[in-house]
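Chemist: Have a look at the structure that comes next, please.
Quick note: the coordinates plus some simple rules give every number you see, no bench work behind them. As the structure is a computational prediction, the values presented were derived from the model and not from experiment. Cβ: placed from backbone, ideal geometry, glycine included. Neighbour counts: every protein chain shown.
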Number of protein chains: 2
Amino acid sequence: MSAETKRDTRSILDQNAFNFERSSGDDHLDSLIRQRRDLVGPTSMLFYDQPIEMVEGQGVWLFDGDGKRYLDAYNNVPVLGHCHPRVIDAVAQQMVRLNVHTRYLDEALHRYAEQLLGTLPLDSGRLVMTCTGSEANDLALRLARLHSGKQGVIVSAAAYHGNTAAVTEVSPSSMKQGQVPDFVVCIDLEPLNDESLDAAAYLDTQVANAIELLDERGFGCAALLIDTIFSSDGVYADPAGALAPAVRRVQHAGGLLIADEVQPGFGRTGSEFWGFARHGLMPDIVTFGKPMGNGYPVAGLAAPEALLAELSAQTGYFNTFGGSSVAVAAAQAVLDTLVEEELQANALSTGNELLSGLRGLCDEFPQLARVRGAGLFIGVDIVSADNQPDPLTCSRIINALRHRGVLIGAAGLYGNVLKIRPPLCFKPEHGHLLLEQLRQVLINDLGGVTS
Amino acid sequence: MSAETKRDTRSILDQNAFNFERSSGDDHLDSLIRQRRDLVGPTSMLFYDQPIEMVEGQGVWLFDGDGKRYLDAYNNVPVLGHCHPRVIDAVAQQMVRLNVHTRYLDEALHRYAEQLLGTLPLDSGRLVMTCTGSEANDLALRLARLHSGKQGVIVSAAAYHGNTAAVTEVSPSSMKQGQVPDFVVCIDLEPLNDESLDAAAYLDTQVANAIELLDERGFGCAALLIDTIFSSDGVYADPAGALAPAVRRVQHAGGLLIADEVQPGFGRTGSEFWGFARHGLMPDIVTFGKPMGNGYPVAGLAAPEALLAELSAQTGYFNTFGGSSVAVAAAQAVLDTLVEEELQANALSTGNELLSGLRGLCDEFPQLARVRGAGLFIGVDIVSADNQPDPLTCSRIINALRHRGVLIGAAGLYGNVLKIRPPLCFKPEHGHLLLEQLRQVLINDLGGVTS
């Protein structure tokens, strides 16, 4: 089956979405769903065949309006756990004192910048605070294009890098109709599932072809823009280091490596604090987002001084909310708590245990084809009896888990990958609960249907 | 003098910026400034010839590290006043309960959407929550281009609409080098200073020419994108209604009116809650930003259901932080408090008194050429002895006021406009203080230099 025929017409972003033309089977929920449709409208997306009205969160737990408890194995924004007191206190204390933009001096911003830049391998790195990861990637593309003098961008086949006009163009997973523009070339990661493949050589060849294509089309290669855990592609973590030759090739050709750390960053992949570090890469630009403020809107970008100076000579750049007093307080609390609670180490140990448990289920149940992941970022391929991507069964599993009180999501070019990406305070007992419920789903809830 | 010769090479955004090559004259500040330069770098901008380290805010007041008090007549983000307890309480209470994205159901989001949409004249309007005004304008451009099938955009000559790649293209005030792209046509507002001009006819003619030019260039006119108080152009408020024929012309030609309410919205202009309503306009899309959360990052866009459905058929759209539980709590508190504290009425009455006081100073001091404004959004043109735009004297006035404890900013195509835009809890006594200090500056601090 080709990518074209296997993909349905929804964007990958809409996988696991509630169908607004159906009933949730619950009057109260149906009333909320009508409000949503009539007030927020077509861009609104709700999770699950029966959407959930959440009312409370605590650590790895979410609670709905009926008091039902859900194990959150999906939300990566509350990286420290839902409603973490350290962040709440930091935000509350700063809110009563001051909340202004960065056109006034603020030592706290400098302290945070110094600490964050200290974790990065950039020469003369500078931190630009933005409000969202989309803004960070949008700015990163501008910097890369200005510096390289080229326009083309290489991304993964089901990449997602945000919601602005510019980053939507390099986000094939957002497309429901049509293709990415000609200045974007996508690399298919699925062949990496073949363990006999020389992954580094494959990626290098793909990138070489992409550069050649972009040159032929007259765009040149401005950047390789990657989320090194390949979240929306369905989590491609291994082999660590496989990206290195491809990245060197891009950089040798005058393109930049933009490491989008919105997904893998801040310790999630366990062995390293940053996703690019797992692959031994030297990025030119690093972007940050979702987990940076544990839910308070904070994001940013680190780049060498020279790149920012080039932009600054052309246009002004100011971000009203980026780096404001409260945003910095939230981000600092997150960084401090990640270290104090040793959450990166927990991501590694709990993640390894969960990976191992999922691999056990894989051996037991034919619907689970393979497990990929690093730390607390895991993808599980769901396949049909004839070993084809099976988005329908994937969706059934996710919805059955939801009804059993476990929240995960879907990913992958074909929508057939279970995406497991919990807060980093997820402990082995939470992993056991997830595994047990998944086993129950596979035994009891699929009604013998595999495709 | 032509616009070319009168403008210096800095972007309009950089007006009133500290020059990083100078000393602030204070060792502690110089040390903070070095940190800023070395950690945040070239895109960083600090206000005033001696930047301020702010440590506290309360209502219309800000306090620096030495305990010096500043009357804030600049910051429009804290629309209710700095550190307003209602917003702090709402955010703090929601933070301990839950903070998740909009893929779960949340009645509070629907309640807010219903209330906000109820203030707008859109048919089948829907509210899309974003995180920043830049994201809202970026999305608005996508909607307008998709719906109209055209690419061209008409903006004011010194417009600013945000910081993404797409909105920077339609923000001439951000350009330091080069011009706006060919698909953007700018309208000069300066002729509106001539009171004998038929403003409505002038604007209509300008827009007609712009549409013709965009058609000739093959782009067509997708949108007229305006902030109806024309903040960065130097505040052009009058005559109210003058925009109506121009807008009708755009809409008749198949283009959309995008009303960027980031600056004039939420009651600031006094007589109406929205800037477009002062001009009696019927926008197709309305965008919101800065004041919407009193400092908590919240923004959004309202558009007819049909436009969002068109986008939604093409690409997915999701905004992680937009409409999250805490963002909605903050936005709701702002909307409620604006009503309860009657801040729109205060903007009108205090604004009128301040306008009148400034017009009195205008009669007295030749450097003050004219005063424009509506409610608590006021621009004052500063000119030389030969009646030319005088950015140098403008900058001197702003810096002298800063040293006297009053904060305002600069605006305008030539950087010669005092921009006065305080929190809406600004009262007549605060206006008197501003007027008195401005009088003192004009008498004592300019050293006889007028250009």
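Chemist: Starting from a label point 7 Å past Cα on the Cβ side, list the distances from B:ALA306 to the same position in the other copies, nm, shortest first.
Modeler: Those separations, rounded to one decimal, come out as 5.3 nm.
Chemist: Oh, and also: By DSSP, what percent of the beta bridges with both residues in the protein assembly as shown are antiparallel, rounded to the nearest 5?
Modeler: Details: 66 of 102 bridges.
In the protein assembly as shown, approximately 65 percent of DSSP beta bridges are antiparallel ones.
Chemist: Apply the a/c threshold of 1.5 to the C-alpha gyration tensor of chain A and tell me whether it is rounded, prolate or oblate.
Modeler: Because a/c hits 1.5 or more and a/b fails to exceed b/c, chain A counts as oblate.
Chemist: Hey, another quick one. So if R0 is 22 Å, what FRET efficiency would B:GLN177 and B:ARG34 give, r being the distance between their Cβ atoms, rounded to the nearest 0.05?
Modeler: Given R0 = 22 Å and the Cβ-Cβ separation, E is 0.20.
Chemist: So, one more: Mind scanning B:LYS290/B:LYS419; A:LYS290/B:LYS176; A:LYS68/A:LYS419 and naming the pairs with a C-alpha gap bigger than 26 Å?
Modeler: Details: B:LYS290/B:LYS419 16 Å; A:LYS290/B:LYS176 32 Å; A:LYS68/A:LYS419 22 Å.
Violating the 26 Å limit, Cα to Cα: A:LYS290/B:LYS176.
Chemist: What average number of partner chain Cβ atoms lie no more than 10 Å from the Cβ of the residues making up B:43-56? The partial results should precede the final answer.
Modeler: Working: counts 17, 12, 7, 4, 5, 2, 0, 0, 3, 4, 4, 10, 8, 3.
Averaged over the peptide's residues, the number is 6.
Chemist: Same structure again: Based on the Cβ-Cβ distance from A:GLU353 to B:GLU310, what FRET efficiency comes out when R0 is 51 Å, to the nearest 0.05? Provide the component values of the computation, followed by the final result.
Modeler: Values: r = 47 Å, r/R0 = 0.92.
Calculated transfer efficiency: 0.60.
Chemist: Hey, what did chain B get for relative contact order, percent, Cα under 8 Å, at least 6 apart? Walk me through the intermediate numbers first.
Modeler: Working: 937 pairs, mean separation 97.0, N = 451.
Computed over chain B, the figure is 22 percent.
Chemist: Please report the relative contact order for segment A:85-340, taking Cα pairs under 8 Å with a sequence separation of at least 6, and give it as a percent rounded to a whole number.
Modeler: 30
Chemist: May I pose another question? Exposure proxy check: B:SER174, A:SER271 ranked by fewest other beta carbons within 10 Å?
Modeler: Lowest to highest Cβ neighbour count: A:SER271, B:SER174.
Chemist: Using only C-alpha atoms and all pairs of different ones, pull out the Kirkwood radius for the protein assembly as shown in Å with one decimal. Could the numbers behind the result be given before it?
Modeler: Values: mean 1/r = 0.0358 Å⁻¹.
So the Kirkwood estimate lands at 27.9 Å.
Chemist: Measuring nothing but label to label, 7 Å from Cα along Cα→Cβ, what are B:CYS362's distances to the other copies in nm, shortest first?
Modeler: For B:CYS362, the other copies' label points sit at 7.4 nm, shortest first.
Chemist: Just want the ordering: B:ASP182, B:ASP386, from fewest to most Cβ atoms lying within 10 Å of their own Cβ.
Modeler: B:ASP386, B:ASP182
Chemist: Add -39500 (n - 2.57) for each DSSP H run of 4 or more in the protein assembly as shown, then divide by its residues: what number comes out at 222 nm, to the nearest 500 deg cm²/dmol? Numbers along the way, then the final one.
Modeler: On the way: 28 runs with 334 residues, N = 902.
It comes out at -11500 deg cm²/dmol, rounded to the nearest 500.
Chemist: Arrange the following residues from fewest to most other Cβ atoms within 10 Å of their Cβ: A:VAL406, B:VAL298.
Modeler: The order, fewest Cβ neighbours first, is A:VAL406, B:VAL298.
Chemist: Please sort through the DSSP H helices of chain B and keep those with an alpha-carbon extent of at least 24 Å along the long axis and a Kyte-Doolittle average not below -1.0.
Modeler: Working: long enough: B:199-216 (25 Å, 0.34); B:343-364 (31 Å, 0.00).
TM-like helix candidates: B:199-216, B:343-364.
Chemist: In addition: Say a label goes 7 Å from Cα toward Cβ at B:LEU392 in every copy; what distances in nm does this one have to the rest, shortest first?
Modeler: In ascending order, 7.8 nm.
Chemist: Counting only GluC sites (Glu not before Pro) that are in a DSSP loop and have at most 15 other C-beta atoms within 10 Å, tell me the longest site-free stretch of chain A.
Modeler: A:22-194
Chemist: Using the beta-carbon distance between A:HIS432 and A:HIS403 and R0 = 30 Å, what value does 1/(1 + (r/R0)^6) give for FRET efficiency, to the nearest 0.05?
Modeler: With a Förster radius of 30 Å, E is 0.95.
Chemist: Restricting to bridges with both residues inside segment A:85-340, how much of the DSSP beta-bridge set is antiparallel, in percent to the nearest 5?
Modeler: Taking every DSSP beta bridge within segment A:85-340, about 40 percent pair in antiparallel fashion.
Chemist: Right, here's the next one. Would you kindly give the portion of the calculated P(r) for segment B:85-340 that falls above 28 Å, as a percent of all Cα pairs?
Modeler: When all Cα pairs of segment B:85-340 are counted, 32 percent exceed 28 Å.
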